[in-house]
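The values are calculated or read from the model by the stated rules, or taken from the named source; none is laboratory data. Bear in mind that the values here come from a model prediction, so they are computed numbers and not experimental data. Here Cβ is always computed from backbone atoms with ideal geometry, including for glycine, and neighbour counts include all displayed protein chains.
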Amino acid sequence: MENRVCVVNVTKEFDQKNILSHVSFEAKEGEIIGILGENGAGKTTFLKLLCGLLKPEEGEIVIFNQNPWIARDKVLKEMGILIDTPIFYEHLTGYENIQIHLSYMGIEKDINEVLKTVKLFGVEEKVVSKCSLGTKQKLAIARAISHNPKILILDEPINGLDPVAIQEMRTLFKTLKEQGITIILASHILNEVLETVDKIAILSKGKLHSLQNITQLKAKYGNQLESYLIQQMGGSKR
Ligand SMILES: Nc1ncnc2c1ncn2[C@@H]1O[C@H](COP(=O)(O)OP(=O)(O)O)[C@@H](O)[C@H]1O
Ligand SMILES: [Mg+2]
């Protein structure tokens, strides 16, 4: 199955208000794409559409040659997701939470190996309710990649992580990319996006501005890049 993500002319409304307006987007195998936008710009809404958790009013989304709204279960088997605040069985350990996820996905795997990929140690015995925000976030990323997805959808993935963990995550995302995994991540943190992704798309005023290659942007704007991007992001308040 081809892990290409294709969005054509998609419009999403909430309460008759256009949140996304005729948005088109494409991600190819092994690309890391950052969706950048102010709070409330519609990043989470966009990611939920990709996962089939929301239905667009107009337009078409094709992932693995499927419409994620119609073939959600099929699509979600091949997709790792971290959206909103991750939900866990709080009274169970991190280990057990991943165990449940893998059994739901029908996959057998060494869970300690999964925890090691995100450098998470000592959570085998600890119930999730007693874990720090950063640990929960790592656990959520571990769970999202545990069933060997071909596409990873990450909403504000560095939430709650300390600088060491942020560095570890960057390395992990690059390793996953080298394995051919497509990563689409949303963030309002400019630096994070600039350090991690190959391409960025800016969401502002309901429009998704076309994908731009980071290397080319850095070459073009140099140390003015941040202010250029902030200007591009601006004015998305409705
Ligand atoms: N389920 C919903 N019902 C109504 N409005 C919503 C819903 N989800 C999000 N919105 C609104 O859509 C806009 C975009 O939200 P969101 O996608 O969460 O933005 P971001 O992730 O960029 O901060 C916001 O104005 C938010 O209040
Ligand atoms: Mg959001």
Matching residues in the stretch 49-70 - criterion: being within 16 Å of ligand 2 (Cβ to nearest atom) and either in contact with a Gly (Cβ under 8 Å, 6 or more places away or on another chain) or not in a helix (DSSP H, G or I) (or both): 51, 53, 54
Could you run through the stretch 160-186 and say how many residues are among the charged types (D, E, K, R) and touching a Lys or Arg at 6+ places or on another chain (Cβ under 9 Å)? 1
Quick check: anything in the stretch 74-89 among the small types (Gly, Ala, Ser) and touching a Gly at 6+ places or on another chain (Cβ under 9 Å)? no
Apart from one, (1) outside the structural domain of residue 29 (by TED's automatic domain parsing); (2) within 19 Å of residue 83 (Cα to Cα) all hold for residue 112; the odd one out is (2)
Inside the stretch 1-48, the number of residues satisfying the requirement of being away from ligand 2 (no atom under 13 Å from the Cβ), without any contact (Cβ under 8 Å) to a residue 60 or more places away in the chain and not in a loop (DSSP other than H, G, I, E, B) is 9
Return the residue satisfying two criteria in turn: it lies in the stretch 15-54 and is of a type in the set (S, T, N, Q) and in contact with a strand residue (DSSP E or B) (Cβ under 9 Å, 6 or more places away or on another chain), and of such residues it is farthest from ligand 1 (Cβ to nearest atom). 24
The one condition in (1) crowded, with 18+ Cβ neighbours inside 10 Å; (2) more than 30 Å from residue 206 (Cα to Cα); (3) modelled with pLDDT of 95 or more that residue 123 fails to fulfil: (3)
I'd like the residue in the stretch 183-197 that is of a type in the set (A, V, I, L, M) and modelled with pLDDT under 90 and, out of all such residues, is nearest to ligand 2 (Cβ to nearest atom). 189
